[in-house]
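A.B. asks: Got a structure here, written out as structure tokens. Questions coming.
The values are calculated or read from the model by the stated rules, or taken from the named source; none is laboratory data. All figures in this text were calculated on a predicted structure; none of them were measured in a lab. Virtual Cβ from ideal backbone geometry, glycine too; neighbours counted across all protein chains shown. Each accessible area value is taken on the protein alone, full model and side chains, heavy atoms only, with ligands, DNA and RNA left out. Shrake-Rupley method; radii C 1.70, N 1.55, O 1.52, S 1.80 Å.
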Amino acid sequence: MTGVALHDPHAVHAEPAPPPTGFRRLLAAGWLRVPWMTALFFGIGAGIVCLVRWLEGWHPIWDGKVITTVELTAVPLGFLAAIGGFDYWMRYAAGSPTRPEDHSGHGARSWRDYFRINTDHKVIGIQYLVTTIFFFVIAGLLAMMMRAELARPGMQFVDNQLFNGLFSVHAALMIFLFVIPAFAGIGNYVIPLMIGAPDMAFPRLNALSFWLLPIAGFMMLSSFLAPGGPFAAGWTGYAPLASTHQPIGAVFFNMGVQWAGASSIMTALNFLVTIITMRAPGMSFWRMPLLVWANFTTSLLVVIATPFIAGSQFFVMFDHVMHTNFFNYQNGGYPLGYQHIFWFYSHPAVYIMMLPGFGIASEVISVMARKPIFGYRLMALSLMAILVLGFSVWAHHMFVAGMAPWLRVPMMVTSMVIAVPTGIKVFSWLATLWEGRIHFDTPMLFALGFVSMFVIGGLSGIYLAAVPIDIHVSDTYFVVAHIHYVLFGGSLFTIFAGIYFWFPKMTGRMYDERLGKLHFWLTFIGFNLTFFPMHWLGIQGMPRRVADYVPRFADLNLFISLASFGLGASTLVFLYNMIKSWRFGPAAEANPWRSLTLEWQVSSPPPIFNFDEIPQVVGNPYEYGVEGARHAVFNGDRVGTLEEVPTR
């Protein structure tokens, strides 16, 4: 039995202390403290740079590139200090008396509580999701600008450098500011509920990890305002292109990745400690829902892999700003070293962007098919297999990069072998669906769309793992199609499935089912019309990351651009449905899906500390159709016959 570190569920949830008045309002944590504290930290950062350069006799003393680099750390630290991100720890470090915890910073009483430091994992989960959807929309608009340029041959709206900046910022926002943190947001909301915990293990760290995210996003977007334009070396930022041939905007990418990566590591450590130490009594590892398993393995991937991309971006930034030569070949640097370091993180990052989606799909398919997950233990073990094998395949991204030839065949083999645990999952989902009582609600449509689209993306991945085919289609639109079938058809479809599935739990409202299904079909059709033809373009030799192309590709590019505009418009249906339903939707039942897992056994939205009494886990979370099966019981349920959970 695992111990649970519970807050007192009957503790009085205190109202916030009266707000300070007069001059003290400028000293209290919050948005009024932001202007003067960020200005103060800006001055400290600039002062340190100028003082060091003056003492060392370096000229000019005011070096814009160096000062910008330092300010990309100093100003965000000032912002975090201003909103109160460090107040508790600073009081502790200074030896001040600890303030009694009245939980006034825990939970949301109004919309204003979502715009401040909040230690409630449910509030933080919603903060994550709303923020990531904002950056998703911005990144989508950048994609629309790219497709407008590519609708016809020739240069229409932007020049080559700006086009490079558009796809670089688009990809960086989608990966670092949408897919990865969107899964963190869903996990933040539901994982503690699923395991019977009152909150995350480190609530203050959890709150801080969220606020690093908008810093990273706005830092990347602000590169458009930098002299010379935005970073334009792709989201991969290959050196020496990114380190010696790019404007100062490249440093905005380097530092933005650091802030986003720090957020990911903080969240992952929090998930690991929470899952290991705060499970409800009776919840062994083999009784955990598969989404918990998925977040557990994903968090291990994040903690192990993310420091590598942090190191690679620091090295590139040092080459750019301090004129070191880590990757400058002319001065003895090793450019291929960057690719090895980068992909050692970034291929596991593909699984960081996929494994939580696997967990969401498992939850939705089992509930909507009213059947137990087929091969539950093998599903959990396949997640662990992907965790291990994910670190053995990075160099298949480098088959044409000039790496050692002997490394090609081992990487080709491991890249194909990793399809085995993924295939186990696909066949398990299909077996779960077999002869099930399937309900085609919106979450289920997105889950089924995910399975079909991910299979296509996985099959094209097998082609790219083969050295001869990869050599032919490398750096073509075939690769663009592949990654979008994996990350859009895979990750995004499961994010939508998770949002629709847990929307009643998060908001206490039901979404409009007709609009949800309309959103699915517009997205599914628009996605395939946009990205499937790119396979053909790639095979025919159209290179990716170009603003112009030969006229023979014009008709298909026009078709793709028109389809992409329809795909973008489908997001408006989603946004309208979410906003309208959150405000005016009908009240949701506590368990509208008749699910067995713990998050559905409490009210919608849940109580402040999730459970009024500690649940006792007594069975598997997926025993649908098994008479008398229960995943967990509460004190009032432990006497008498356990009633069967009703089916839909």
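A.B. asks: Report every pair of residues separated by at least 6 positions or lying on different chains whose Cβ atoms are under 9 Å apart, first residue within the stretch 129-141 and over 21 Å from S168 (Cβ atoms) and in contact (Cβ under 8 Å) with a residue 40 or more places away in the chain, second of a type in the set (S, T, Y) and surrounded by 20 or more Cβ atoms within 10 Å (Cβ to Cβ).
C.D. replies: Listed by first residue and then by second, the contacts come to L129/Y189.
A.B. asks: Name every residue in the stretch 25-51 that is without any contact (Cβ under 8 Å) to a residue 60 or more places away in the chain and either among the polar types (S, T, N, Q) or not in a helix (DSSP H, G or I) (or both), in order of residue number.
C.D. replies: Within the stretch 25-51, the first condition is being without any contact (Cβ under 8 Å) to a residue 60 or more places away in the chain, and the residues that meet it are 25-28, 32-51.
Selection gives L27, A28, T38.
A.B. asks: Could you grab the pairs with beta carbons closer than 7 Å, sequence gap of 6+ or different chains, first residue in the stretch 154-172 and farther than 15 Å from R544 by Cα, second one among the basic types (K, R) and open to solvent by 10 Å² or more (accessible area, probe 1.4 Å)?
C.D. replies: none
A.B. asks: Let me ask something else about it. Is it true that some residue in the stretch 400-412 is β-branched (V, I, T), open to solvent by 20 Å² or more (accessible area, probe 1.4 Å) and either free of Cβ contacts under 8 Å to residues at least 60 places away in the same chain or closer than 19 Å to F501 by Cβ (or both)? Before you say what the answer is, go through the steps one by one.
C.D. replies: Taking the stretch 400-412 and keeping what is β-branched (V, I, T), we get 400, 409.
After this cut, where a residue has to be open to solvent by 20 Å² or more (accessible area, probe 1.4 Å) as well, the list is 400, 409.
Then keep just the ones that are either free of Cβ contacts under 8 Å to residues at least 60 places away in the same chain or closer than 19 Å to F501 by Cβ (or both); that gives 409.
For the stretch 400-412, residues β-branched (V, I, T), open to solvent by 20 Å² or more (accessible area, probe 1.4 Å) and either free of Cβ contacts under 8 Å to residues at least 60 places away in the same chain or closer than 19 Å to F501 by Cβ (or both): present.
A.B. asks: I'd like to know if the stretch 92-107 contains one or more residues that are surrounded by 13 or more Cβ atoms within 10 Å (Cβ to Cβ), in a helix (DSSP H, G or I) and without any contact (Cβ under 8 Å) to a residue 12 or more places away in the chain.
C.D. replies: No, the stretch 92-107 contains no residue that is surrounded by 13 or more Cβ atoms within 10 Å (Cβ to Cβ), in a helix (DSSP H, G or I) and without any contact (Cβ under 8 Å) to a residue 12 or more places away in the chain.
A.B. asks: If we scan the stretch 590-609, do we find a residue that is touching an Asp or Glu at 6+ places or on another chain (Cβ under 9 Å), surrounded by 17 or more Cβ atoms within 10 Å (Cβ to Cβ), at pLDDT 90 or above and closer than 30 Å to A139 by Cβ?
C.D. replies: No, the stretch 590-609 contains no residue that is touching an Asp or Glu at 6+ places or on another chain (Cβ under 9 Å), surrounded by 17 or more Cβ atoms within 10 Å (Cβ to Cβ), at pLDDT 90 or above and closer than 30 Å to A139 by Cβ.
A.B. asks: Of the residues I67, I83, which is β-branched (V, I, T), under 16 Å from L208 (Cα atoms) and at pLDDT below 95? Quick ask: steps written out before the conclusion?
C.D. replies: Details: I67 fails: under 16 Å from L208 (Cα atoms).
Going through I67, I83 in turn, just one is β-branched (V, I, T), under 16 Å from L208 (Cα atoms) and at pLDDT below 95: I83.
A.B. asks: When you look at Y351, is it at pLDDT below 95, among the aromatic types (F, W, Y), within 21 Å of F285 (Cβ to Cβ) and assigned to a helix (DSSP H, G or I), yes or no?
C.D. replies: Working: at pLDDT below 95: yes; among the aromatic types (F, W, Y): yes; within 21 Å of F285 (Cβ to Cβ): yes; assigned to a helix (DSSP H, G or I): yes.
Yes.
A.B. asks: Shifting gears a bit: What's the total number of residues in the stretch 507-534 that are part of a helix (DSSP H, G or I) and either buried (at least 21 other Cβ atoms within 10 Å of the Cβ) or basic (K, R) (or both)? Don't jump to the end; show me each part of the working.
C.D. replies: Keep residues of the stretch 507-534 that are part of a helix (DSSP H, G or I), which gives 507, 513-534.
Retained after the next criterion (residues that are either buried (at least 21 other Cβ atoms within 10 Å of the Cβ) or basic (K, R) (or both)): 514, 516-517, 519-520, 523, 527, 530-531, 534.
Residues flagged as part of a helix (DSSP H, G or I) and either buried (at least 21 other Cβ atoms within 10 Å of the Cβ) or basic (K, R) (or both) within the stretch 507-534 amount to 10.
A.B. asks: So which of M174, M155, M90 ends up being closer than 14 Å to P214 by Cα and out of contact with any Cys (no Cβ under 9 Å at 6 or more places or on another chain)? Let's see the steps before the verdict.
C.D. replies: Values: M155 fails: closer than 14 Å to P214 by Cα; M90 fails: closer than 14 Å to P214 by Cα.
Going through M174, M155, M90 in turn, the sole match is M174.
A.B. asks: While we're here: Test R377 against the stated conditions and say whether it is open to solvent by 60 Å² or more (accessible area, probe 1.4 Å), under 30 Å from R630 (Cβ atoms) and modelled with pLDDT of 90 or more.
C.D. replies: Values: open to solvent by 60 Å² or more (accessible area, probe 1.4 Å): yes; under 30 Å from R630 (Cβ atoms): yes; modelled with pLDDT of 90 or more: yes.
Considered against the rule, which asks whether it is open to solvent by 60 Å² or more (accessible area, probe 1.4 Å), under 30 Å from R630 (Cβ atoms) and modelled with pLDDT of 90 or more, R377 comes out as yes.
A.B. asks: Out of the residues in the stretch 535-545 that are open to solvent by 40 Å² or more (accessible area, probe 1.4 Å), in a loop (DSSP other than H, G, I, E, B) and touching a residue at least 24 places away in the same chain (Cβ under 8 Å), which is farthest from G234 (Cα to Cα)? Steps first, please.
C.D. replies: Taking the stretch 535-545 first, the residues open to solvent by 40 Å² or more (accessible area, probe 1.4 Å) are 536, 539-541, 543-545.
With the extra rule that they be in a loop (DSSP other than H, G, I, E, B), the set shrinks to 540-541, 544-545.
Among the residues that remain, those that are also touching a residue at least 24 places away in the same chain (Cβ under 8 Å) are: 541, 544-545.
Working: G541: 20, R544: 11, R545: 8 Å.
Ranking the candidates gives G541 first.
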